Amino acid sequence: MTNRILRWGLLSTARINRSLIPPLRASPRSRLVAVASRDPAKAEAYAREWSIERAFGSYEAMLESPDIDIVYISLPNSLHAEWTIKALRAGKHVLCEKPLTTHIEDVDAIAAAAAEAGRVAAEAFMYRHHPQTLQVKSLIERGAIGEVRLVRGAFTFTLTDRANVRVNAGLDGGSIWDVGCYPISYARTMIGAEPVEAFGMQFTGPSGVDETFIGTLRFGEDVYAQFDCGFRAPFRTHIEIVGSEGMIVIPRPFKPTTHETIYIGKASDQLESLTIEGPELLYLGEVEDMADAILHSTAPRISLQDSQANVAAILALLRSAREGRPVAI
């Protein structure tokens, strides 16, 4: 089993696939063998463009194939849970793009389907596997900045395409699901606990989804996370972690390069730089994490419980924004 080559299929022709194709081809334990689309002609054209062996003219056809071990799901948010469960029931392992789902109960259904089928399902939060993230977490666990008191972050970019799925309410679009999920996930990971209260404010555009979101999560009496996200500001990403004895600043937390610099110190005017080397293929970490989970029965770095907690925090923030009051999680 440990010497198997895992055969991957892409369930959709979404743009994000371009980030996963190179690491799938670089991984010694993985092989990209197929792509599926609801449009047979589109599947064939995509397979030719990316030199993929097989093209399926429906998602169902790929799931029925005995020649696929793992399915990568990069469909719109509203379809993630449905097709993750269908893939698991068809005997496939699943790596699903974030967010895994937009409903808490769906994670329970995914977990049940995975357990019944004896298959692995995991959410594709690429940054969680990067050496930079692992180094920051290690610094915190070693007490480099004392006890974490505050995590502040942002993820914004300007979106002008009004036909984009990100602003389609029917497909569970919105900035908090698309980019806000990153600083929320980052804060939960570094604090090492789950929030107990949420307060959110949002700007809802003509699309009907949040196009700007500002949120606060309370983790305890003196532990908070604050973030902003959206589609109506220039590209911005950053994380600042403030501890009882110092701070860490991460300029590129969610999509690090091969050579990243973070800053750590006791005060903002005493920060020292720390360089961290990363892989040439940014998404290779999540590919190898899936291979370890399947071939060596290790737990995926991002558990389904972890994914469910991120969904719970986001839903509480959205409810708070609608109701104009803090909401318990």
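Laboratory data are not the source of any read-out in this text; all were calculated from the coordinates shown. Being a predicted model, the structure only gives us computed values, none of them experimental. Neighbour counts run over all protein chains shown; Cβ positions are idealised from the backbone, glycine included.
Details
- GNM flexibility winner over the chain from THR257, THR298, THR160 (Cα, springs under 10 Å): THR160
- In a simple Cβ point-charge model (Lys, Arg +1; Asp, Glu -1; nothing else charged), the chain has a dipole of about 540 debye relative to its Cα centre.
- Length available on full extension from ALA299 to ARG18: 0.36 nm per residue minus the Cα-Cα distance, which gives 98.5 nm.
- Dipole of the chain computed with +1 at Lys/Arg Cβ and -1 at Asp/Glu Cβ about the Cα centre; of THR101, SER207, SER51, farthest Cα towards the positive end is SER51.
- Pairwise centroid distance, computed over Cα atoms, of the range 71-140 with the range 258-328, Å: 14
- Couplings 3J(HN,Hα) of the range 174-185, computed from phi: x, 5, 5, 6, 7, 10, x, 4, 5, x, 5, 4 Hz, in residue order, whole Hz [Karplus 6.51 cos²θ - 1.76 cosθ + 1.60, θ = phi - 60°; x for Gly and Pro].
- DSSP assigns beta bridges within the chain; of those with both partners inside it, close to 60 percent run antiparallel.
- In this calculation the C-beta distance from ARG322 to GLU82 is compared with R0 = 30 Å, giving a FRET efficiency of 0.75.
- Total charge dipole magnitude, the range 173-323, about the Cα centre, Cβ charges on Lys, Arg, Asp, Glu only, Debye to nearest 20: 420
- The mean sequence distance of close C-alpha pairs (under 8 Å, at least 6 residues apart), as a share of the length of the chain, puts its relative contact order at 18 percent.
- Net charge dipole size for the range 6-125 [Lys, Arg +1 and Asp, Glu -1 on Cβ; Debye, nearest 20]: 500
- Choice from LEU159, LEU100, LEU284 with maximal GNM fluctuation in the chain (Cα, 10 Å cutoff): LEU159
- Selected from ALA163, ALA41, ALA90 as most flexible by GNM, with the chain as the system and alpha-carbon contacts under 10 Å: ALA163
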